[in-house]
Each structure stands twice: as C-alpha cells, then as structure tokens.
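What follows is calculated from the coordinates using simple rules that are stated; it is not laboratory data. Treat the numbers as computed from the prediction; the structure is a model and nothing was measured. Note that each Cβ is placed from the backbone with ideal geometry, even for glycine, and that neighbours are counted across all protein chains shown.
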Amino acid sequence: MKHDMLCSQIKKLEIEKRGLEHNCYFLQEKQDLHNQRLSVYYELERMGFGLNNLKILYNTIRELAAENKINYAAAIHKLFEFLGT
C-alpha cells in the first residue's frame, strides 16, 4: 500500500518535472529571442537610430505610402530599391 502511494507520487513528480523542464526550455527560447532583439536595437542606436528616430522614419514612410496610394510594404520595397541604386 505504502509502496503504491510512493510510486504514484513519484510518477506525479516526474510528470511535473517534465512540465517544468518544458517551461524552462520555452522561457529560455523567449529570452534568447528578446536578447537578439535587444542586440538589434542597441546596434541601431549606436548607428544613430534611436526609438524616436525609428518612429519618425516609420511615420514618414507610412505618410509617403498613403500620399502615393501604395501600401506600406510596397513603400518599404521601393525605398530599399532606391537606396540600392
């Protein structure tokens, strides 16, 4: 009887352990993704593009796209085509 209870408790703990390990893996993946994003933000900031500058650029592109009656994605594409030439 006591042995059965202990075996049952061990199985529950093993299941809980697997769930916690899965959560740790998931959270580590999220942390890695956030670290990559932060790295990009810091690199942009070092180049002179802080968040305010990026917002201004974003809004300018959106306004130009609306004025030219094209969607935002097409405006971005055209911008980089222009910069590449």
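Side notes on the structure shown:
- When each of the peptides 76-82, 4-10 is scored by the mean number of other C-beta atoms lying within 10 Å of its residues, the order from highest to lowest reads 76-82, 4-10.
- Between Tyr42 and Leu13, the FRET efficiency from the beta-carbon distance, with R0 = 41 Å, is close to 0.45.
- Two-site FRET efficiency, Leu57 against Leu33, from Cβ-Cβ distance with R₀ of 22 Å, rounded to 0.05: 0.40
- Of the residues His77, Asn52, Leu33, the one whose Cα sits farthest towards the positive end of the charge dipole of the chain is Leu33 (charges of +1 on Lys and Arg Cβ, -1 on Asp and Glu Cβ, taken about the Cα centre).
- Computed from the C-alpha gyration tensor, the three semi-axes of the ellipsoid equivalent to the range 1-48 are 46, 5, 4 Å, from longest to shortest.
- For a label point 7 Å along the Cα-to-beta-carbon line of Ala74, residues of the range 51-66 with backbone N under 16 Å: 61-66
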